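Enquirer: I'd like to ask some things about the structure below.
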Amino acid sequence: MGTPMKFICILGLLAVLISIYRVDGASPCGKSTPDDEAMNLAPCAIAAQDAKASVSDGCCKQVKRIGANPSCLCAVLLSNTAKSSGVKPEVAITIPKRCNFANRPVGYKCGDYTLP
C-alpha cells in the first residue's frame with residue numbers, strides 16, 4: 001500500500017473514531033438521553049411537584065443512580081419529559097437533599113437553579 005493510500009486510510013479511521021466519540025458523548029447521560037432517564041424517575045412524580053411530599057425509597061434509588069453524574073441529573077430534571085409530566089425544577093432539585101445524600105452536588109448550577 002502506497003503512502004497516499006495509508007494516509008487516506010488513517011484519515012478515514014480518524015473520521016470514524018471522531019464520529020463514534022461524538023455520538024457517545026452527545027448526551028450528558030452517556031448512552032441514554034435525559035428524556036429516557038426522566039422516565040425512570042416515575043417514583044419521584046409527587047416529590048418533584050410538592051416540596052412537602054415524602055420522597056420514596058424508589059425515588060431516592062433512581063436519583064442516586066442518576067445523580068452520580070450531576071450534569072445528567074440536571075439535564076433530566078430540565079428535560080421535556082420532566083416538564084410535560086409536571087415536574088417543578090425548583091422542587092425537583094431538592095430531592096437529593098430530601099433523600100439525605102451525603103455526597104450530593106451541593107451548589108451545582110442547574111439552569112436557573114442551584115442544588116441545595
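The values are calculated or read from the model by the stated rules, or taken from the named source; none is laboratory data. Computed from a prediction, not measured in an experiment: that's the story for all the values here. Backbone-built Cβ (ideal geometry, glycine too); neighbour counts: all protein chains shown.
Condition check ((1) loosely packed, with under 14 Cβ neighbours inside 10 Å; (2) closer than 15 Å to LYS97 by Cα; (3) touching a residue at least 60 places away in the same chain (Cβ under 8 Å)) across all residues:
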position	(1), (2), (3)
CYS44	no, yes, no
ALA51	yes, yes, no
LYS64	no, yes, no
SER71	no, no, no
VAL76	no, no, no
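Enquirer: Given the conditions (1) over 16 Å from LEU115 (Cα atoms); (2) modelled with pLDDT under 95; (3) among the aliphatic types (A, V, I, L, M), and given that ALA53 satisfies all but one, which numbered condition is not satisfied?
Expert: Failing condition for ALA53: (2).
Enquirer: Answer yes or no: is there a residue in region 60-76 that is part of a loop (DSSP other than H, G, I, E, B), at pLDDT below 95 and of a type outside the set (S, T, N, Q).
Expert: yes
Enquirer: Right, something else. If you take the residues of region 78-116 that are assigned to a helix (DSSP H, G or I) and without any contact (Cβ under 8 Å) to a residue 40 or more places away in the chain, which of them is surrounded by the most Cβ atoms within 10 Å (Cβ to Cβ)?
Expert: The selected residue is PRO96.
Enquirer: Determine which single condition ILE95 fails, assuming it passes every other condition in (1) at pLDDT below 95; (2) touching a Gly at 6+ places or on another chain (Cβ under 9 Å).
Expert: Exception for ILE95: condition (1).
Enquirer: In the set ALA53, ALA82, ALA92, which member is farther than 13 Å from ASN40 by Cβ and within 17 Å of the chain's Cα centre (by Cα)?
Expert: Every option except ALA92 fails the conditions.
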